[in-house]
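The values are calculated or read from the model by the stated rules, or taken from the named source; none is laboratory data. A quick note: this is a predicted structure, and the numbers were derived from the prediction, not measured. Glycine also receives a Cβ, built like all others from the backbone with ideal geometry; neighbour counts cover every protein chain displayed.
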Amino acid sequence: MAVVNRLLRSTATPSSSILSKTFSSITSNTDRRPLSPLSHSALHLRRDPKDRNVQWVFLGCPGVGKGTYASRLTALLGVPHIATGDLVREELASSGPLASQLSEIVNQGKLVSDEIIINLLSKRLEAGESKGETGFILDGFPRTIRQAEILEDVTDIDLVVNLKLNEEALLAKCLGRRICSECGGNYNVACIDIKGENGSPGMYMAPLLPPPHCASKLITRSDDTEAVVKERLRIYNEMSLPVEDFYRSRGKLLEFDLPGGIPESWPKLLQALNLDYHEDKQSAAA
Ligand code: AMP
């Protein structure tokens, strides 16, 4: 059932929207007491899509590949991939009233305020619901305990996938990230080859090179410089690691250590999610 409808039911305020609900959650909890959680259904990874579309969250450090794997899964599951980082970048590109404030925050590697991010997410969810979208995979949200509490207050999350990679690989992946300025395709020019040491396994990730028609149009994200990536990693550890604990304590967290690049990781991720998808095996190796 649609998030907004579920929200209306759970709040019994027929005129409210997810936007007003989330804002009332913020404003009515200025003392930062925990919000009272709704009851949660048990985690069913084999949920029948006819029942209700999945409502999943992808957690993980900057550069881990949340966007890559979330967008592949949304294609399989028929739900939208909603990345709050993309919403922030769209707002930046629109040169709207928030743009200069956001650009300063993003380019320093800091987090945007919970209020702004929830406003952007609420608008995106409402726009999707009006087009008939149901379910979602959220990528990059929640990033603070406060965001997790608000999300919990408005809907049930079925599953939280926590993607993990070591810090050396994360930094190399962020620095190697390239985006096609025309089609928005995501590529990576880094060839990551970390030797195993003292019993810890090595890791190889081949570059994900663009097709020829994108190669001359590649740009980098302004926040993918070494100093800013290090700050984003620091902020992740400070603000977002507690979100992992939040979901772990609710039995919703699926930990997934990426074993390598897409060809090695994608089939294993599908297996961990109990998803069988044979036709896609070929494209996973692309
Ligand atoms: P990302 O593409 O997920 O790395 O996000 C890019 C930037 O957008 C982050 O460094 C933050 O400044 C901002 N951002 C994205 N999602 C959130 C969030 N949930 N909370 C606060 N800031 C966010």
field: Filtered residues of segment 78-89 (kept if under 20 Å from ILE150 (Cβ atoms) and either near the ligand (Cβ under 9 Å from one of its atoms) or in contact with a Pro (Cβ under 8 Å, 6 or more places away or on another chain) (or both))
entry: ALA83, THR84, GLY85, ASP86, LEU87, VAL88
- line: Cβ pairs under 7 Å, 6+ apart or interchain, first in segment 100-124 and touching a residue at least 40 places away in the same chain (Cβ under 8 Å) and under 15 Å from THR225 (Cβ atoms), second outside any helix (DSSP H, G or I) and near the ligand (Cβ under 8 Å from one of its atoms), ordered by first then second residue, are VAL106/ASP223; ASN107/ASP223; GLY109/ASP223
Residue that is surrounded by the most Cβ atoms within 10 Å (Cβ to Cβ) [pool: residues in segment 59-77 that are outside any loop (DSSP other than H, G, I, E, B) and near the ligand (Cβ under 10 Å from one of its atoms)]: LYS66
task: Read through the list (1) free of Cβ contacts under 8 Å to residues at least 24 places away in the same chain; (2) within 22 Å of the chain's Cα centre (by Cα); (3) farther than 30 Å from ALA93 by Cα; (4) exposed (fewer than 12 other Cβ atoms within 10 Å of the Cβ), then give the number of the only condition that GLU238 fails.
output: (3)
Positions within segment 205-223 being surrounded by 14 or more Cβ atoms within 10 Å (Cβ to Cβ) and touching a residue at least 40 places away in the same chain (Cβ under 8 Å), in sequence order: MET205, ALA206, LEU208, LEU218, THR220, ARG221, ASP223
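Could you please give the count of residues in segment 241-260 that are within 18 Å of the chain's Cα centre (by Cα) and in contact (Cβ under 8 Å) with a residue 24 or more places away in the chain?
12
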task: Hey, can you tell me all the residues within segment 244-258 that are more than 18 Å from GLY65 (Cβ to Cβ) and surrounded by 15 or more Cβ atoms within 10 Å (Cβ to Cβ)?
output: PHE246, TYR247, ARG250, LYS252
statement: Among strands (runs of 3 or more DSSP E) entirely within segment 90-192, at least 2 residues that are away from the ligand (no atom under 12 Å from the Cβ) and touching a Lys or Arg at 6+ places or on another chain (Cβ under 8 Å) occur in 159-164, 186-188
query: Quick one: GLY184 ticks every box in (1) of a type outside the set (Asp, Glu); (2) modelled with pLDDT of 95 or more; (3) over 24 Å from PHE256 (Cβ atoms); (4) under 21 Å from the mean Cα position of the chain (by Cα) bar one, so which box is it?
result: (2)
field: Residue list for segment 199-231, filter: within 15 Å of the ligand (Cβ to nearest atom) and part of a strand (DSSP E or B)
entry: ILE219
field: Of all residues making up segment 232-255, the number that are within 13 Å of the ligand (Cβ to nearest atom) and farther than 17 Å from VAL112 by Cα
entry: 0
